[in-house]
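A short worksheet on the structure shown next.
The values are calculated or read from the model by the stated rules, or taken from the named source; none is laboratory data. Since we're looking at a predicted model, the values are computed, not measured. When we count neighbours, we look across all protein chains shown, and the Cβ atoms used for this are built from the backbone with ideal geometry, even at glycine. Protein only, heavy atoms only, side chains kept; ligands, DNA and RNA dropped before computing areas. Shrake-Rupley method; radii C 1.70, N 1.55, O 1.52, S 1.80 Å.
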Amino acid sequence: MPTKRRILLSLITEENDFQLEQAASARRAAEAMPVDLQILFAGNDTITQSTQILRAIQGDPALRPDAIIFEPVGGTALPQVARAACSAGIGWCVLINIPDYLSELRRGARAPVFVVGTDQEEIGRIQAQQLGALLPRGGSALYIQGPSEHFAAKQRTLGLQSGLPQNIRISGLRGNWTEEGAARSVSSWLKLTAANKIRVDLVAAQNDLMALAARKVFQGVSDLMERDRWMSVPFVGVDGLPKTGQSWVRDRLLSATVIMPPSAGQALTLMMGALGKPGQSVPEKIWLPPQSFPSLEELRPSQVPPD
């Protein structure tokens, strides 16, 4: 009977549909393997995540994980923790982030070191194309971003800005990937007198939960005419999970999303296949392709009537 490997999966928060799907995809992959999978959530806190992983690395050698797969809360991807893992001969896989230390770590590591995720800039470019399709004459969009230091938030913003049509202007807000955080941010924005003077033709968010949270806030506006105006604008997000983002598009709560395949299950499969093999048998970076939902062709009006 093959030796049972111990794998630690560290994720950002339980208050996010994509993070829960990351966990589910890893559990599904683990069912077919001789693996003891432990999943920890960091409560959206980098220090908590660092502490949780270090505790596993520095604990009883008999209970130490053979590999760690993690999606960083912050932008640094825990370089000191990564080096501690590699020094202990523990495999290291980063999800949805390309840390600066990756190539250096691979050269000296005895266990697999690699990245699995989706091209975050491409996600931003797809969202820019969605905005162009939904606002063929241009306009103004409210853009709810993730935390400023987060790799995915920065890359998605870069991609959106690089592909945005010149006739579309964006105003940015910050959220923390959760529905509650986005609702607070949008509510505060609404209370500003300036917000009432800005015409918004579309609301875009860097994930579906934040887009839906914004919609709920605008749905609660007391002025009926103002509420109707908000409910008439498109809302778009990212993640595109079947039971949330895609379902919300079908129910017309969102106009579009970008499907980002969960990567934790794929990472677990690759790690299990590479453990015990000499050298780095897994490519440094494995990217899973994103796609627009619905397709960009479906989003574009067949004919834009004249003004």
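Of all residues in the range 190-216 being over 28 Å from Arg250 (Cβ atoms), outside any loop (DSSP other than H, G, I, E, B) and not polar (S, T, N, Q), which is farthest from the chain's Cα centre (by Cα)? Outline the logic, then answer.
Going residue by residue through the range 190-216, those that are over 28 Å from Arg250 (Cβ atoms) are 191-199.
Retained after the next criterion (residues that are outside any loop (DSSP other than H, G, I, E, B)): 191, 193-197.
Of the ones still in play, those that are also not polar (S, T, N, Q) are 191, 194-195, 197.
Numbers: Lys191: 28, Ala194: 30, Ala195: 27, Lys197: 32 Å.
Out of the qualifying residues, it is Lys197.
Restricting attention to the range 58-91, and to residues there that are open to solvent by 20 Å² or more (accessible area, probe 1.4 Å) and among the charged types (D, E, K, R), which single residue is nearest to Leu268 (Cα to Cα)?
That would be Asp66.
Is there any pair with a first residue in the range 111-135 that is closer than 15 Å to Pro261 by Cβ and a second that is of a type in the set (Ser, Thr, Tyr) and part of a strand (DSSP E or B) whose Cβ atoms are under 7 Å apart and which are 6 or more apart or on different chains, and what are they?
These pairs meet every condition: Ile126/Ser292.
Mind telling me which of the residues Ser232, Ser263 ends up being under 28 Å from Ser148 (Cβ atoms) and either surrounded by 13 or more Cβ atoms within 10 Å (Cβ to Cβ) or small (Gly, Ala, Ser) (or both)?
Working: Ser232 fails: under 28 Å from Ser148 (Cβ atoms).
Just a single option satisfies the conditions, and that option is Ser263.
Which one of these is out of contact with any Phe, Trp or Tyr (no Cβ under 6 Å at 6 or more places or on another chain), at pLDDT below 95 and closer than 29 Å to Pro301 by Cβ: Ser162, Ser171, Ser148?
Exactly one residue qualifies, and that residue is Ser171.
How many of the residues making up the range 33-65 are within 26 Å of the chain's Cα centre (by Cα) and in a loop (DSSP other than H, G, I, E, B)?
Final tally of qualifying residues: 5.
Being crowded, with 21+ Cβ neighbours inside 10 Å, within 17 Å of Asn44 (Cα to Cα) and without any contact (Cβ under 8 Å) to a residue 60 or more places away in the chain is the filter here, so list the residues in the range 145-179 that pass it.
Ala152, Ala153, Gly175
For Arg55, are the conditions met, namely being open to solvent by 60 Å² or more (accessible area, probe 1.4 Å) and either charged (D, E, K, R) or over 23 Å from Glu15 (Cβ atoms) (or both)?
The answer is yes for Arg55.
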